[in-house]
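The values are calculated or read from the model by the stated rules, or taken from the named source; none is laboratory data. Note that the coordinates shown come from a computational prediction; the quantities given were computed from them, not determined experimentally. Positions of Cβ are backbone-derived with ideal geometry, glycine not excepted, and every protein chain shown enters the neighbour counts. We work out accessible area using only protein heavy atoms, side chains counted, and drop any ligands, DNA or RNA first. Shrake-Rupley method; radii C 1.70, N 1.55, O 1.52, S 1.80 Å.
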Number of protein chains: 2
Amino acid sequence: MVIDSHQHLMLPTEFQIEKLDKAGIDKVILFCTTPHPERAKTLLELKREIESLYKILAGSNTKASDMQRMKNNIQELTQILHKYPDRFYGFGSVPLELSLEDTIDWIDRYIVSNGLKGIGEFTPGSDKQVQQLETVFQALEQYPQLPIWVHTFNPVSLSGIKILMELTKKFPKVSVIYGHMGGYYWMEVIDFAKTVSNAYIDLSAAFSTLAARMAVAELPEKCLYSSDAPYGEPLLSKQLIEYISPSDEIRDKILGGNILKLIGEENI
Amino acid sequence: MVIDSHQHLMLPTEFQIEKLDKAGIDKVILFCTTPHPERAKTLLELKREIESLYKILAGSNTKASDMQRMKNNIQELTQILHKYPDRFYGFGSVPLELSLEDTIDWIDRYIVSNGLKGIGEFTPGSDKQVQQLETVFQALEQYPQLPIWVHTFNPVSLSGIKILMELTKKFPKVSVIYGHMGGYYWMEVIDFAKTVSNAYIDLSAAFSTLAARMAVAELPEKCLYSSDAPYGEPLLSKQLIEYISPSDEIRDKILGGNILKLIGEENI
């Protein structure tokens, strides 16, 4: 099974499935999205699409509007999961700044009840927002089957990554996926992931094949193939894994085995 | 002609040529290097190799030792150009902090006399070092045939990129290649390159295929294919260009036509 472990919902869904078929991907873990950059043909159109993302990152939306947006996005996601259960798993968003009780309630109501396999993507816009993940980690201690997916490329800084590492150590039952392998700080993230059992490395947005090759060489059981589509291309990201994997066995783990184990679906 | 417009010298050269042959690349623009990460099999070995690079970036070497290193590196490069003239062009290093007269003397002695086609890679470790490029730009006004290649990904900041844009505007006869398309600031670099005739975009180290696709859509005459090997893989970078190009004509320009024109070799 080839599993692209991180794609955002693209529209129309038929376009997304066509991409999977062309790339030889069996299933995808689908993440919510607000912008739809896959529709943009020019830079101007793209900027209009992702303006909403910048607003979210800058924290300029109200808490209430952010929560409503997440509920809508999860609903949109679950409709697609119901329609195409053989092609998609899903991860769902969880708001920051809720109390522990409300966070647990949200996870029950919107993640577990919908059969989602994990939570995220979190894209912290500041070190403070990374710190705010602590409540989410506390809540996840009760749901060890749900990994958390955190964006660790820009705008997340090295100090933000270090806060995340502290949380990862403090909550060893919580599986943490380091999205985009730490970006510029990929060496720090690889070194860290070798010291704890609950840190995983997402290989999307790799700007250096050398970095991805090192991650695979050092952590063949903990690296996860993904494309981050529509920001990356599923086929090209898959070709990267095929190119850098030192053996067919390791290639198959990175392309699907590791993530299936992580979300408890290894026996399908 | 397929031209990889930015690779570092890898050892042994036969290994580098084998990579070109496998990727279907006719010629490469070779850049000097001090570290040789292509030799590293583990992260520890890689760290040892690139320690020297970090020292250079941190400016902890003396000016004299930096100049001696550059001379040695250029000599190493020109030996390979002489041995394999049908596979390689070369760009050569120029020190910062020389007087205008000494900079011109260096360019004469080490770049022009050696038949090199441009200068760089410059990897400014601070905004101050970007500003110091002004003397080099002044010198290059006398050599409009020599493009300058500047790394614009981390550790170069947005303010560093803006200083480079000012220099690009101030010296319109100097062709400037924005290495790695501005990294996280790729939108700013694309927008800028649309407003001046002498800014070019290098597509290596692209962490988002969407970004590369936009650059190609907006600036088909100014985008340049490269792999930044050994940090990237020539074959995978070429597959990216083939995937995102909207037509065969544009693909051929990006894969070779544009850079051949820029270095005055379009009639070969």
- Message: Would segment A:1-128 count as rounded, prolate or oblate if I go by the C-alpha gyration tensor, calling it rounded below 1.5 in a/c and otherwise prolate when a/b exceeds b/c, oblate otherwise?
- Response: oblate
- Once you charge only the Cβ atoms, +1 for Lys and Arg and -1 for Asp and Glu, what is the size of the charge dipole of segment B:3-262 about its Cα centre, to the nearest 20 debye? 160 debye
- Shielding of B:224-234 by other chains, given as the mean Cβ count within 10 Å, works out to 3
- Item | Net charge of Cβ neighbours under 11 Å - reference residue A:84; Lys, Arg +1; Asp, Glu -1 | +1
- Message: Less than 13 Å Cβ to Cβ from residue A:234, Lys/Arg counted +1 and Asp/Glu -1: what total charge do the surrounding residues give?
- Response: -3
- Item | Helix-derived mean residue ellipticity, 222 nm - over chain A, DSSP H n ≥ 4, -39500 (n - 2.57), to 500 | -13000 deg cm²/dmol
- Message: Over segment A:3-262, what is the relative contact order in percent, taking alpha-carbon pairs closer than 8 angstrom and at least six residues apart?
- Response: 18 percent
- Qualifying chymotrypsin sites (Phe, Trp or Tyr not before Pro) for segment A:207-268 [loop in DSSP, other Cβ within 10 Å: at most 11]: none
- Peptide B:183-194, shielding by other chains (average Cβ, 10 Å cutoff): 2
- Any chance you could check the Cα centroid distance between segment A:129-156 and segment A:193-228 for me, in angstrom? 18 Å
- Work out Dmax and Rg for segment B:3-262 from the C-alpha atoms and quote the Rg first, both in angstrom. 17.1, 49
- Message: What lysines does residue A:63 reach when the alpha-carbon gap must be under 19 Å and sequence neighbours fewer than 8 apart in one chain are set aside?
- Response: A:55, A:71, A:128
- With at most 13 other Cβ atoms within 10 Å, longest stretch of chain B clear of loop trypsin sites (Lys or Arg not before Pro) (DSSP): B:42-172
- Query: Modelled label-to-label distance, residue A:44 and residue B:173, 7 Å Cα→beta-carbon offset: nm?
  - Reply: 3.5 nm
- Tell me which residues come under 5 Å, amide H to amide H, from residue B:233 once H is placed; ignore anything under 5 positions away on its chain. A:209
- Query: Roughly how many debye, to the nearest 20, is the charge dipole of the protein assembly as shown about its Cα centre, given +1 on each Lys and Arg Cβ, -1 on each Asp and Glu Cβ, and no other charges?
  - Reply: 360 debye
- Looks like segment A:22-71, by Cα gyration tensor root eigenvalues a ≥ b ≥ c and the a/c under 1.5 rounded cutoff (else prolate when a/b is bigger than b/c, oblate otherwise), is oblate
- Item | Neighbouring partner chain Cβ atoms per residue of B:116-125, average, 10 Å criterion | 0
- Where the accessible area of the protein assembly as shown is counted over protein heavy atoms with a 1.4 Å probe, how much of it, in %, is carbon and sulfur? 50 percent
- Item | Total formal charge among the other residues, if their Cβ is under 9 angstrom from that of residue B:180, Lys/Arg +1 and Asp/Glu -1 | -2
- Cα-based shape type of segment B:166-230, given that a ≥ b ≥ c are square roots of the gyration tensor eigenvalues and the cut on a/c is 1.5: prolate
- Note on the structure: In this structure, among A:238/B:19; A:83/A:253; A:238/B:169, pairs with alpha-carbon gaps over 31 Å are A:238/B:169
- In segment A:67-121, what GluC sites (Glu not before Pro) fall in a loop by DSSP, with at most 11 other Cβ atoms inside 10 Å? none
- Task: For the protein assembly as shown, report the translational diffusion coefficient in µm²/s to the nearest whole number, using Stokes-Einstein at 25 °C, 0.890 mPa s, and a Kirkwood Rh over Cα pairs.
- Result: 102 µm²/s
- Item | Inter-copy separations for residue B:252, label at 7 Å along Cα-Cβ, nm, ascending | 4.3
